[in-house]
Amino acid sequence: MKTYFTEQQIASPILQEAASEIEKCRHYGFCTATCPTYVLLGDELDSPRGRVDLIGKMLEAGGVPDPSTVKHLDRCLSCMACTTTCPTSIDYGKLIDIGREYIEENYRRPLAERALRTLIAKVLPNPALFRLSMLAASVARPFSGVLGSKLAGMIAMTKALKPQKSDFAHLERVDSSGAAGYRVALLEGCVQKVIGVQINDATIRILSRHGCEIYKPRSVGCCGSLPLHMGRGDEARALARRAVDAWHSAIVDEGVQAIIINASGCGTTIKDYGHLLKGDPDYASKAQIVADHALDISEWLVRIGIEPVAPLGLRVAYHDPCSLQHAQRVTSQPRQLLTRVGCDVVNVPERHMCCGSAGTYNMLQPEIAGRLGKRKAENISRTKPEVIATGNIGCMNQIQQYSDVPIVHFVELLDWATGGKKPVALCATALNRG
Amino acid sequence: MATSSQTAVQQDDLAEFMVAARALVGAEWVDTSASKVDRFGENLMPEGNVPVSGVIYPNSTEQVQGLVALANRFKVPLYPVSTGQNIGLGSRAPVLPGQVVVELGRRMNRILEINEEMAYAVVEPGVSYQDLYDELESRGHPLMLDTTSGPPQGGPLGNTLDKGAGYTPYFDHFYMSCGMEVVLGNGDVLRTGDGALEGSKSWNISKYGLGPYLDGLFLQSNYGIVTRMGIWLMPKPPVTQSFFFSFPDDDDIGEIMELARFTKLRGVIPTLLKVTNDIYAFGTETRFPLDRADIRKTIPDAVRKEMQTEHGIGSWVVSGAVYAPTQEAADAQIDVIRALFTKSGKATYIPQEIADENPMFRIHSDSFIGKPTRDEFPLYEWRPGGGATWILPVTPIHGETAKDHQRLSRNILERFGFDYICEHVVGARMSRALHVLVWNREDPEENARADACYKAFIDEYAAAGYPVSRPPTAYQPYAMNRLGHSFLQTCNNIKDALDPNGILSPGRYGIGLHR
Ligand SMILES: Cc1cc2nc3c(=O)[nH]c(=O)nc-3n(C[C@H](O)[C@H](O)[C@H](O)COP(=O)(O)OP(=O)(O)OC[C@H]3O[C@@H](n4cnc5c(N)ncnc54)[C@H](O)[C@@H]3O)c2cc1C
Ligand code: SF4
């Protein structure tokens, strides 16, 4: 697609990058059929190519973005289904991030929305604040009726969430209990550290059992993913720099072989650190080194191999998180591992479709997210599973709201099958190993 | 851009039609917004997009019938599409401007029945290949789909109506369809075959019924809007084993076709054979080498040979599959095929285990198990610029003729500066020779060359005695005009009988332009 940036505009590296991506769009139209918002809403402006055009026009025009443009770009899930469908090499992810950052810098949202977004951007990446806010939410729950619909929705969402205690959270290093002699770093995450500690604990147990010494540098907090997808690029880059500092020295000084990520949304951002910090001469090369070491837990476990002690024999519906299947193209590894531990892994119909979680999307766009969540749960139920497994805490919380089937991170099942604990979500069920 | 006084719509009539349509289907299911009509008018053709007047999403056969009645009343032409993924053959845009697209797929997308015992499904227009595949998968794959290598979100109903085909023994989608419900241009609802009998229990299992066989009338035509269709499905074989052979030279197509006829006529190979040329194979993962060749010309043979070496193939890759109850039985069948194909010493055998590590080959393995794939889309990116279409002349499974056809195609493409990108999909007697034409649609000069090239294919193959069988919307009237007056006149006579006001897809496959 032709762009019409002025020479002055094109001098800006960001606009140049945007222009070169936009020009790759050929208007084939393959992307619309797999875009969740187009499938639900049928509006051309809620399709990938519609958004590519909108971003182009917004950036070319400069100034204050049109509210309608903001609406359609806000509705994008950043699920990247369009990128796996489109045969061009357009990097839609970069484009939408550029668009979001432009909106954040040039558009004044209504007060309530601004407040909500600031709240999310400040609270979620900060585990202490997040814990506090969950407490506040439980107090506020009875008053949901008098709160705005989005806030009430968020409060309702926290109902299913329970902060848990970790066996390992206080440690910066966990020794290996196996002989292989691997060294890895683990991202504990921000949200996951509060509401998904069982995932981190299962990850640490299985890694340690399979010969990995695990580093968890305390200075690493949020990877930057949450603010990045809200258009808060500076905040994201600041968080990324902290993580890069810690991990780069772990790689260089401690001989860490991989940065392991078990929240796939974060994995996508970390694998792209090279690009995120490419404009920062002090960090560009370090960030690329970190990105090159980043691996989803499933990629690492396939690489080192795992040993089940008792086959699980469960019928497991595997839900592909968008960040794994579309952004990182990691689809076979979780299935391979689950099969290895004796699960009967079934694919979910419409597996390319997002569940509606999408980072902070289910808080900011509850109506669309709810429709997608229900649709996903219905599709899952068609496969009649005993357990749902996935690779991202966001998907777990989202799907849990719409499905009665217990849901776990796949690493919890892998840990259980290789000698670890029964997943918390299955404790109340009669399902058993072997 | 095509224009025609026959389809000129009175703006007042159109406005009144839209008001009535909104009342019929609900205002939110009629869209005349600028963004919608612009997008639905897009195709990838040299002549440019074809503007439409609006898009309507009906929910049922009754609503379709209602829309057809309104279209007749206000003389507004309708253009029905199912899943609308005909990308490269016209997308969702009609032949002539001003038509109102009826997109059936958005709301009429139910799988109405899957009968595992009798091995068939009944679908509405919006059911996609992926939908059907997912449904069969969630049932543990008792039955296998035959799919195209095109968009997984395209569907069996629209594909069948365009004479589409796949690769397994159920490749002939029309032959494997059974029983249609059609809203005719005059507003009547027709149930074909046994479906004509009130309370029929054999609509989707008995193909030819009583009386004239009408189903074929609705293929590559514009006589009705099909609202449901039965499709037969094959029981999933316990073992499917694909095989691959690479042949080094362009002229090996002669030997390949002779082997293909011998094996296909005798039923040695149950699937169709895919005979894929070098660029068609590696074009799914690489692009025109701008650093080594002039983009305004056909890629030189020397560069093509270099690229063959880089991708580990020769001029042609032959693939197919066998189905068997056990792996041993499959291996035994493969041994027979291997012995035949490698006898002359030219072919290199590539087993499935090796081939499947490479997406370029995996496309083929997927098609033999009926698994939808997007891996062929990148062929459209072989050359930059977004112009893409298919040219499908018929080629007999006869060595010398296939060599002549290759020479003819290469000659035309070279004259216009494009590349020979061809896959023969080979049955016992004839092949669909899928040629992909890609060009820079943003360059008027290249557009003109692409246009002339397409027409040259139609003309020169016709002169040699072979029609181009499934042209995109832009070339349908041109291609149909090569078939001789009597054929087109008969088509138009049928049009007058079933759609007297000519309100359904006027111009599709050249039919309905006579008034
Ligand atoms: C890379 C690639 C590979 C491909 N490979 C193949 C292949 O192997 N085999 C193959 O057959 N095709 C192939 N195609 C073409 C394409 O995928 C199919 O033709 C596709 O199925 C058509 O799109 P659809 O199913 O969405 O049909 P639609 O676009 O919905 O329908 C096609 C046309 O049929 C008519 N029509 C549709 N529905 C109705 C209705 N209900 N009533 C009346 N008329 C109707 C309309 O004129 C419409 O434009 C390929 C395409 C690509 C891009
Ligand atoms: S990222 Fe997802 S929601 Fe956004 S345009 Fe692409 S497919 Fe649609």
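Read-outs: derived from the displayed coordinates by stated rules, not from any lab. Note that the structure is predicted; figures quoted are calculated from it, not measured. Don't worry about glycine lacking a Cβ; one is built from the backbone with ideal geometry, like all the others, and counts go over all protein chains shown.
Suppose every K and R has +1 on its Cβ and every D and E has -1 on its Cβ; what is the size of the dipole of chain A about the Cα centre, in Debye to the nearest 20? It would help to have the intermediate numbers written out before the result.
Values: 50 positive and 44 negative charges, 238 e Å.
That gives chain A a dipole magnitude of about 1140 debye.
Kindly provide the trypsin sites (Lys or Arg not before Pro) of the range A:1-84 that DSSP labels as loop, not H, G, I, E or B, and whose Cβ sees at most 11 other Cβ atoms within 10 Å. Kindly include the intermediate steps, with their values, before the conclusion.
Numbers: sites: A:LYS2, A:LYS24, A:ARG26, A:ARG49, A:ARG51, A:LYS57, A:LYS71, A:ARG75; in loops: A:LYS2, A:LYS24, A:ARG26, A:ARG75.
Those satisfying the criteria are A:LYS2.
Measuring against 27 Å, Cα to Cα, the residue pairs B:LYS163/B:LYS343; B:LYS236/B:LYS264; A:LYS376/B:LYS274; A:LYS71/A:LYS376; B:LYS36/B:LYS297 contain B:LYS163/B:LYS343; A:LYS376/B:LYS274; B:LYS36/B:LYS297 as the ones spanning a longer distance. The phi-based Karplus calculation (6.51 cos²θ - 1.76 cosθ + 1.60; θ = phi - 60°) puts the 3J(HN,Hα) values of the range B:232-238 at 7, 10, 9, x, 6, x, x Hz, whole numbers, x for Gly and Pro. Expressed as an acute angle from 0 to 90° and rounded to the nearest 10, what is the orientation of the C-alpha long axis of helix B:253-265 relative to the principal long axis of chain B? Roughly 70 degrees, rounded to the nearest 10. Between the listed residues A:TYR4, A:LEU124, B:ILE350, the Cα displaced farthest toward the positive end of the dipole of the protein assembly as shown, a dipole computed from Cβ unit charges relative to the Cα centre, is found at A:LEU124. Rounded, prolate or oblate: which one fits chain B, using the alpha carbon gyration tensor with axes a ≥ b ≥ c (rounded when a/c is under 1.5, else prolate when a/b beats b/c, else oblate)? It is oblate, given that a/c is not under 1.5 and a/b is not larger than b/c.
3J(HN,Hα) along the range B:374-384: 9, 5, 8, 3, x, 4, 5, 9, 3, 10, x Hz, from the Karplus curve 6.51 cos²θ - 1.76 cosθ + 1.60 with θ = phi - 60°, whole Hz, x for Gly and Pro. When the charge dipole of the range B:239-471 is built from unit charges on Cβ atoms (+1 for Lys and Arg, -1 for Asp and Glu) and taken about the Cα centre, the candidate among B:TRP382, B:THR401, B:PHE243 whose Cα reaches farthest toward its positive end is B:THR401. Evaluated with a Cβ-only charge set (Lys, Arg +1; Asp, Glu -1), the range A:20-104 carries a dipole of roughly 200 debye about its Cα centre, given to the nearest 20.
Taking 7 Å steps out from each Cα toward its Cβ at B:SER33 and B:HIS485 produces label points 5.0 nm apart. Structure remark: mean-square fluctuation, Gaussian network model of chain A, C-alpha springs under 10 Å; the largest value among A:GLY356, A:GLY265, A:GLY93 belongs to A:GLY93. Computed from Cα atoms, the angle from the helix B:399-416 axis to the main principal axis of chain B rounds to 70 degrees. With the charge dipole of the protein assembly as shown set up from +1 on Lys and Arg Cβ and -1 on Asp and Glu Cβ about the Cα centre, the Cα lying farthest toward the positive end among the listed residues B:SER505, B:ILE114, A:LEU372 is that of A:LEU372. Scanning chain A for long hydrophobic helices, with DSSP H runs required to stretch 15 angstrom or more by C-alpha along their axis and to average at least 0.5 on the Kyte-Doolittle scale, returns A:111-123, A:127-140. What FRET efficiency comes out for B:HIS514 versus A:ASP404 if R0 is 51 angstrom and r is the Cβ-Cβ distance? Round to the nearest 0.05. Here the calculated transfer efficiency is 0.25.
For the range B:239-471, averaging the sequence separation of C-alpha pairs within contact (under 8 Å, six or more residues apart) and dividing by the residue count gives a relative contact order of 29 percent. Net charge dipole, the range A:173-301: roughly 200 debye, given to the nearest 20, about the Cα centre with Cβ charges of +1 for Lys and Arg and -1 for Asp and Glu. Distance from the Cα centroid of the range A:393-434 to that of the range A:1-69 is 40 Å (rounded to whole angstrom). The 3J(HN,Hα) values that the Karplus relation (6.51, -1.76, 1.60; θ = phi - 60°) gives for the range B:363-373 are, in residue order, 3, 6, 4, 4, 5, 7, 10, x, 9, x, 9 Hz. Gly and Pro appear as x.
Here each label is just a point 7 Å from Cα along the line to Cβ, and for B:TYR213 and A:ILE289 those points are 7.2 nm apart.
For B:ARG407 and B:ILE494 in one chain, what is 0.36 nm times their gap in residues minus the Cα-Cα distance, to one decimal in nm?
Values: separation 87, 0.36 × 87 = 31.32 nm, distance 3.85 nm.
The span from B:ARG407 to B:ILE494 would gain 27.5 nm if fully extended.
Say R0 is 60 Å: what FRET efficiency, to the nearest 0.05, do B:ARG429 and A:GLU378 get from their beta-carbon distance? Between B:ARG429 and A:GLU378 the formula returns 0.85.
Using 0.36 nm times the number of residues separating A:LYS2 and A:GLU105, minus their current alpha carbon distance, what extension gain do you get? Please list the in-between numbers first.
On the way: separation 103, 0.36 × 103 = 37.08 nm, distance 2.54 nm.
Result for the pair: 34.5 nm of gain on full extension.
For the pair B:ASN115 and B:GLU442, what calculated FRET efficiency results from E = 1/(1 + (r/R0)^6), where r is the Cβ-Cβ distance and R0 = 60 Å, to the nearest 0.05? Intermediate results must be reported in sequence, preceding the final value.
On the way: r = 49 Å, r/R0 = 0.82.
The calculated FRET efficiency here is 0.75.
Shielding by partners for peptide B:33-42, expressed as the average number of C-beta atoms from other protein chains within 10 Å of each residue's C-beta, is 4.
The order of B:ASP31, B:ASP499, A:ASP280, going from fewest to most other C-beta atoms within 10 Å of their C-beta, is A:ASP280, B:ASP31, B:ASP499. In this rough spin-label picture, where each label sits 7 Å from Cα along the Cβ direction, the B:GLN327-A:ASP282 distance is 5.8 nm.
Tell me, which longest segment in chain B has none of the chymotrypsin sites (Phe, Trp or Tyr not before Pro) that fall in DSSP loops with at most 13 further Cβ atoms within 10 Å? Within chain B, the longest run free of exposed chymotrypsin sites (Phe, Trp or Tyr not before Pro) spans B:214-515.
On a 0 to 90 degree scale, rounded to 10, what angle separates helix B:11-25 from the longest Cα axis of chain B? Tilt of helix B:11-25: around 80 degrees. Note on B:ASP131, B:ASP194, A:ASP415: ascending count of other Cβ atoms within 10 Å places them as B:ASP194, B:ASP131, A:ASP415, the fewest first.
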